[in-house]
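Structure first, commentary second.
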Amino acid sequence: MVRILFADGQAVVRRGLRILLEARPDFEVCAEASTGCEAVELALRHRPDVAILDISLPLVSGAEATRQIRKAAPETEVMIFTLQNGESEIRDVLHAGARGYVLKSENDETIVRAVTALALHHTYFSDQVSKILLDNFFEQTASEHKAHSLTARERKVVQLIAEGNSNKRTALLLSISVKTVETHRSASMRKLDIHTTAQLVRYAFREGLVQP
């Protein structure tokens, strides 16, 4: 028997979850919460096998509730059930200790599979969430590969330009010719596949070459 707590700020969602979960003979709903504070309190009281949390819980966010539950009741696995599919939100709750993430747009069978997997202490991410994470991973890997392809001198030129120096000033600071600065600048932009100075500046800030 898998004992489940679920928390969502919307009563209609809670009713739907209860109907779905209690239809399974191997699932037992041991607690239901409408806020993050209540979810943490009930999780510590009932020690469910799986806690299903929305990210946007009132009072205490789903990420913070996840963190508190995993710290105080590590035997309880947390599954996020939400409308939010942003990569940053997904990473936040994973860092907080969630081991499952399912979107509310998924079908009922996906929810059941996720709960079953977490009850066995396995991770579970719906197909949509897996695609978001993989797409971001490959995009970040490609970006890192481009960044690593810059030479030390090219990175220094990018840094100085991003700091607001002109080509002439950059040449003076590095004791090289303006033409050499222009060559390094053009090569950097080509390698990074960017086309404007504004994009070059954003890259420099993102990579920590320039401090905000």
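The values are calculated or read from the model by the stated rules, or taken from the named source; none is laboratory data. No experiment lies behind these values; they were computed from the predicted model shown. Note: ideal-geometry Cβ built from the backbone for every residue, glycine included; neighbour counts use all protein chains shown.
For segment 162-174, the candidate set comprises residues that are over 38 Å from the mean Cα position of the chain (by Cα) and under 17 Å from T151 (Cα atoms); within that set, the residue that is surrounded by the most Cβ atoms within 10 Å (Cβ to Cβ) is A171. Of all residue pairs spaced 6 or more apart or on separate chains, those with beta-carbon atoms under 8 Å, a first member in segment 185-202 that is on the phi > 0 side of the Ramachandran plot and a second member that is basic (K, R) are D193/K146. Residues in segment 90-145 that are in contact with a helix residue (DSSP H, G or I) (Cβ under 7 Å, 6 or more places away or on another chain), in a helix (DSSP H, G or I) and modelled with pLDDT of 90 or more: A96, D108, I111. Among the residues of segment 18-57, those identified as part of a loop (DSSP other than H, G, I, E, B), touching a residue at least 40 places away in the same chain (Cβ under 8 Å) and buried (at least 19 other Cβ atoms within 10 Å of the Cβ) are P48, D49, D54, L57. Applying the set (1) crowded, with 17+ Cβ neighbours inside 10 Å; (2) part of a strand (DSSP E or B) to R70 leaves exactly one unmet item: (2). Of the set (1) under 20 Å from the mean Cα position of the chain (by Cα); (2) of a type outside the set (S, T, Y); (3) at pLDDT 95 or above, all apply to L5 but (1).
The condition of being touching a Cys at 6+ places or on another chain (Cβ under 6 Å) and not acidic (D, E) holds for only one of H95, H121, H46, that being H46. Among the criteria (1) over 21 Å from E38 (Cα atoms); (2) at pLDDT 95 or above, the one N85 does not fulfil is (2).
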